[in-house]
Amino acid sequence: MLAFQPVQIRLLPAAASSDLGLMADLTDLINKVYAESEHGLWVDGAARTSVEELAELTEAGQLAVARMDGLLAGCVRIQRLDDGAGEFGMLAADPRHRGIGIGRGLIDFAERTCRAAGADEMQLELLVPRNWTHPHKEFLATWYTRIGYRPTRTRSIEEAYPALAPLLATPCDIVVYRKSLVA
């Protein structure tokens, strides 16, 4: 019988930004998860992130990791927006550990972190194809709605992230979701 290993979630300390092995492992995890979950949205060879970007996010105190039995199991970016809301993104759970609550645990951690910092709302952005339905994006939209997030607006990728638009294989939009953190 296998014993359940609790998931440990913590913000990475700024000093972890110089751990190139960890940054490479995180980059590989995120790029692997997004290559699968966003298949068909990006041109071949487009990567979601880089070692350099993750080192910058870690240095800024914006990257949290989940570990099981000491091994990397997932991550999430957490930041404060100009309007005072919190935001999470770059959510990735190792495919070998899906279905056991790592993604939900990372979101809970992000929400608690932002609430403790004074945020009363949480935001996420979901990339969706403009002219067709992507099964994984539909799954995520349903899941985020089930845990309290509501779509508040839609922006074109060209407006939101103009540098990313040329990397898309299909026209896409960003659907912005928000959730109140006030009890």
**Request:** Can you tell me how much longer the chain between Ala117 and Arg150 gets when fully stretched, taken as 0.36 nm per residue apart minus their C-alpha distance, in nm with one decimal?
**Result:** 9.7 nm
**Centre separation in Å (Cα based) which lies between segment 1-74 and segment 155-173** = 23 Å
**Fill in**
Under the rule rounded for a/c under 1.5, else prolate if a/b exceeds b/c, else oblate, using alpha carbon gyration tensor axes a ≥ b ≥ c, segment 115-166 is classed as oblate
**Asked** Across 10 Å bins from 0, what is the distribution of all Cα-Cα pair distances for segment 60-158, in whole percents?
**Response** 14, 44, 34, 8, 0
**Fill in**
One finds, for Asp108 and Phe139 with R0 = 25 angstrom and r their Cβ-Cβ distance, a FRET efficiency to the nearest 0.05 of 0.85
**Message:** Considering just Cα atoms, how many Å³ per residue does the convex hull of segment 7-180 enclose?
**Reply:** 118 Å³
**Cα-centre dipole for segment 70-183 with unit charges at Cβ (Lys and Arg positive, Asp and Glu negative), debye to 20** = 360 debye
**Message:** Once the cut-off is 23 Å, how many percent of the Cα-Cα pairs in segment 1-98 end up in the long-distance tail?
**Reply:** 29 percent
**Fill in**
Contour minus Cα-Cα span, Glu59 to Leu167, at 0.36 nm per residue, comes to 36.2 nm
**Message:** Please state the shape class of segment 3-42: rounded when a/c is under 1.5, otherwise prolate if a/b exceeds b/c and oblate if not, all from the C-alpha gyration tensor.
**Reply:** oblate
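Bear in mind these aren't lab numbers, they're just calculated from the coordinates by the rules spelled out. All figures in this text were calculated on a predicted structure; none of them were measured in a lab. As a convention, Cβ positions derive from the backbone with ideal geometry for all residues, glycine included, and neighbour counts pool all protein chains shown.
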